[in-house]
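What follows is a set of notes on a single structure, which appears directly below.
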Amino acid sequence: MEGKLSRAAKKLTSSPIQELSQLAQRCNAINLAEGFPDFPAPLHIKNAAVSAINSDFNQYRHVQGICDHVSKMVKEMHGLVIDPLTDVAICCGQTEAFAAAIFATIDPGDEVILFDPSFETYEGCITMAGGIPVHVPLDPPRWTLDPSKLLSSLTERTKAIVLNSPHNPTGKVFTNDELETIAGACCSRNCLAITDEVYEYITYDNEKHMSLASFPGMLERTIITSSLSKTFSVTGWRIGWAIAPSFFASAIRNIHAKVTDSAPAPFQEAALTALRSPPEYYESLRSDYQSKRDYIIKLLAGVGFKIQFIPQGSFFLFAELPDDYPHSDVEFVKKLILEAGVVAVPGQGFFRSNLSLNEVSNASCYYQRRYIRFAFCKSDETLAAVSERLSKLLDAAGHLKLH
Ligand SMILES: Cc1ncc(COP(=O)(O)O)c(C=O)c1O
């Protein structure tokens with residue numbers, strides 16, 4: 001009966017990364033792989049969720065107050081004027097908001113630009129909708145967008161450009177010039193932008209998140225997606241949203257209603273409390289993550305990783321293997337799990353999946369096998385335990401020695 005699987009299901013096979021996850025579980029490895037915090041969520045929002053459950057918010061629900069808050073937030077942060085009654089769709093996390101945005105806009109054969117590397121769920125959604133992902137490489141080590149690479153990838157069939165900033169896996173925050181380039185491409189080629197802004201509040205040093213929708217001509221052609229997950233350390237609550245011109249938002253709401261009906265009622269209620277958090281909450285979120293970032297950079301640079309790009313946002317460090325390390329990223333992570341009891345993600349999972357064998361061995365793609373993504377959204381105790389485990393595996397020069 002396996003032959004009865006749909007074409008889409010057959011394309012979505014498990015990756016080497018999922019296999020590594022299982023190995024990591026068996027070895028009880030410390031998890032720096034997955035992008036979710038291992039520390040408690042803020043008390044004020046947990047109390048709000050408990051209170052919502054106790055108040056019997058148990059049925060299908062649409063909490064309009066979320067749309068009102070989100071509208072206020074994008075006005076304050078980016079100067080965007082949107083109608084909370086028509087331009088916001090509440091979904092189950094950014095993941096569903098993004099999938100619904102793709103299904104609302106992409107027809108079979110439409111091309112969708114993805115920057116490479118990128119968060120792995122985009123490609124799967126686009127192919128499920130029959131769209132064709134077109135990858136535009138960001139250039140290491142600073143993951144710079146070369147305008148000519150973007151412009152030469154646009155065709156008559158380009159329907160949308162997907163932008164994630166602050167960026168997973170590199171920690172890049174796209175610059176004003178880069179955003180202007182993307183906005184210019186969208187406007188001149190009359191295509192849409194679908195943005196993923198889940199790390200909108202997690203930026204470091206003097207970096208500031210700018211929404212692509214705030215660039216001239218972009219509000220009418222941008223679908224913003226985001227969620228509570230990262231800002232409030234509640235990735236399991238599944239509350240997110242899409243912000244878009246009303247006809248897109250309405251299509252997204254219709255898809256959401258057919259697929260999941262509504263997001264979890266008690267957590268929608270608690271979202272109201274979360275979104276009302278005072279400015280100090282966001283400031284301490286940033287400064288806590290900045291000190292975790294500095295800690296992990298010092299730790300990994302100290303054991304021999306090449307850190308040529310300091311994350312400007314999100315909570316990932318995309319660290320390059322030492323030049324003299326002879327194996328691939330996947331091999332490295334396997335050894336890291338078995339010998340150090342720590343798991344991270346081999347970078348290749350974030351680069352385009354349909355590389356041919358020739359391309360893999362080609363020198364220009366070699367870097368795609370040389371990065372490891374470390375998630376530092378972990379408690380200080382977890383990060384200290386990683387340091388302790390790594391310290392047992394150092395050679396005389398203080399570099400990580402994996403057999
Ligand atoms: C860039 C990016 N977008 C979206 C998500 C998932 O967001 P949500 O929990 O709101 O579905 C993640 C989670 O790792 C992410 O890194």
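Read-outs throughout are calculated quantities, based only on the coordinates presented, and are distinct from any laboratory measurement. All values derive from a computational prediction rather than experimental measurement. Ideal geometry is used to build each Cβ from the backbone, glycine not excepted, and the neighbour counts take in all protein chains shown.
Each principal axis of the Cα cloud of the stretch 144-212 was taken in turn, and the coordinate range along them, longest first, works out to 39, 20, 19 Å. Once you reduce the stretch 207-286 and the stretch 35-99 to the center of their Cα atoms, the two points are 6 Å from each other. Listing His78, His256, His399 from fewest to most neighbouring C-beta atoms within 10 Å gives His399, His78, His256. Applying a length cut-off of 20 Å (Cα extent along the axis) and a mean Kyte-Doolittle floor of 0.0 to the DSSP H helices of the chain leaves no helix. The residues Tyr201, Tyr60, when put in order of fewest to most other Cβ atoms within 10 Å, stand as Tyr60, Tyr201.
Taking every C-alpha pair closer than 8 Å and separated by at least 6 residues, the mean separation divided by the residue count of the chain gives a relative contact order of 24 percent.
Scoring 271-278, 205-212 by mean Cβ neighbours within 10 Å over their residues and listing the highest first yields 271-278, 205-212. From the cross-link list Lys75/Lys172; Lys11/Lys392; Lys46/Lys159, which pairs have alpha carbons spaced over 31 Å apart? From the list (Lys75/Lys172; Lys11/Lys392; Lys46/Lys159), the Cα-Cα distance tops 31 Å for Lys11/Lys392; Lys46/Lys159. From its DSSP helices (H runs of at least four residues, each -39,500 (n - 2.57)), the chain gives a residue-normalised ellipticity at 222 nm of -11500 deg cm²/dmol. Most tightly packed first, judged by the mean number of other beta-carbon atoms within 10 Å of their residues, the peptides 328-337, 181-190 read 328-337, 181-190.
Inverting the pair-averaged 1/r between distinct Cα atoms of the chain gives 22.0 Å as its Kirkwood hydrodynamic radius. One decimal place: the segment His62-Arg276 gains 75.3 nm when fully extended, by the rule 0.36 nm per residue minus the C-alpha distance.
Fewest-first ordering of Trp241, Trp143 by other beta carbons within 10 Å of each residue's beta carbon gives Trp143, Trp241.
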